[in-house]
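I am attaching a structure below and will ask some questions about it afterwards.
Where a number appears in this text, it was derived from the coordinates with a stated rule and is not lab data. If you're wondering where the values come from, they're calculated on a predicted model, not measured in any experiment. Virtual Cβ from ideal backbone geometry, glycine too; neighbours counted across all protein chains shown.
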Amino acid sequence: MAKASTQRARPRSTSPSRKKAAGATGKSASRKKPAARPSRARAKPRPKQRFTVSHASETDFQGGLRRYAKYRDLGISGATSGMVQAHVIRFVPPYRPEEVSKLHYHDVDFQMVYVLKGWLKSQFEGEGEITMRTGSCWIQPPRIKHKVTGYSDDCEVLEIILPADFDTKELE
């Protein structure tokens, strides 16, 4: 008569030493290391920022970079010591291609535009012509060549740019 074994099957260990051994032999899937956290050290310190609020007022729309647009400065440039510019741009009707549709680029680090009202049609280098409507948002990479090719009579956009002080180069 055979003796019954008293040994039980051991569950697989999940101890760190067991995991290392399994990983070293290649018998188990390797675990990804968590991504390294970015260093808090910066080559250049960020400018001091202060709290600011801007409430909508029709009298805030002023002339600016382009004659066919009125700009409402949101006070972000002053609050960020020139790190960021944010403004609402209201396009002045009617669209006149001879005045508006000029190829240009902006020497910026970041530029984002969000359509608040109406629609805006632009042509972008390497992307072609795109119509943006209420709720559309896009980023224009630094120095991308572009031109406005149309807009609705009620078009308004929010534009956020870094840095606040930047150059625009017209190419036509």
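Using packing as a proxy for protection, rank 86-94, 104-112 so that the peptide with the highest average count of other Cβ atoms within 10 Å comes first. All intermediate terms of the calculation are to be shown ahead of the outcome.
On the way: 86-94: 18.8, 104-112: 15.6.
Highest mean packing first, the order is 86-94, 104-112.
Here is a further query. Given a Förster radius of 22 Å and the C-beta distance between Y68 and K169 as r, what FRET efficiency does 1/(1 + (r/R0)^6) yield to the nearest 0.05?
Numbers: r = 18 Å, r/R0 = 0.83.
Using R0 = 22 Å, I get an efficiency of 0.75.
Can you tell me the relative contact order of segment 61-170? Whole percent, Cα pairs under 8 Å, sequence separation 6 or more.
On the way: 272 pairs, mean separation 38.5, N = 110.
Once divided by the residue count of segment 61-170, the mean separation gives 35 percent.
Given the pairs K117/K145; K102/K169; K70/K117; K48/K169, which are separated by over 18 angstrom at their Cα positions?
Values: K117/K145 24 Å; K102/K169 10 Å; K70/K117 14 Å; K48/K169 29 Å.
Over 18 Å apart, Cα to Cα: K117/K145; K48/K169.
Please compute the alpha carbon radius of gyration of segment 61-170, then divide it by the globular-protein estimate 2.2 N^0.38 Å. Two decimals is fine.
Values: Rg = 13.1 Å, N = 110, 2.2 N^0.38 = 13.1 Å.
Dividing the Cα Rg of segment 61-170 by 2.2 N^0.38 Å gives 1.00.
Apply the Karplus parameterisation 6.51 cos²θ - 1.76 cosθ + 1.60, with θ equal to phi minus 60°, to every residue of segment 65-73 and state each ³J(HN,Hα) to the nearest whole Hz, in sequence, with x for glycine and proline.
Working through the residues one at a time gives 3, 10, 5, 8, 9, 10, 10, 10, 5 Hz.
Place a point 7 Å from the Cα of S54 along the Cα-to-Cβ direction; which residues of segment 125-167 have their backbone N under 11 Å from it?
158-161
Using mean Cβ contacts within 10 Å as the protection proxy, how do 147-156, 59-68 order, highest first?
Working: 147-156: 18.4, 59-68: 12.8.
The packing order, highest mean first, is 147-156, 59-68.
Let me check I've understood the local charge: for E125, count other residues with C-beta under 12 angstrom from its C-beta, Lys and Arg +1, Asp and Glu -1. What total comes out? Show your work: numbers first, answer last.
Numbers: positive: R143, K145, K147; negative: E127, E129.
For residues surrounding E125, the net value is +1.
Right, next: In a shell of Cβ-Cβ distance under 15 Å around I160, excluding I160 itself, what net charge do Lys and Arg (+1) and Asp and Glu (-1) give? Numbers along the way, then the final one.
On the way: positive: R72; negative: D73, D109, E156, E159, D165.
Within the 15 Å Cβ shell, the charges total -4.
Among Y71, L120, S152, whose Cα lies farthest out toward the positive end of the dipole of segment 61-170, if unit charges sit on the beta carbon of Lys, Arg (+1) and Asp, Glu (-1)?
S152
Ok, one more. Please give the net charge around Q111, taking every other residue with its beta carbon less than 11 angstrom from that of Q111, where Lys and Arg add +1 and Asp and Glu add -1. List each step's numbers first, then the result.
Details: positive: R143; negative: D107, D109, E159.
Overall, the nearby charge balance is -2.
Grab the Cα-Cα distance for D107 and I144, subtract it from 0.36 nm times how many residues apart they are, and report the gain in nm with one decimal.
12.4 nm
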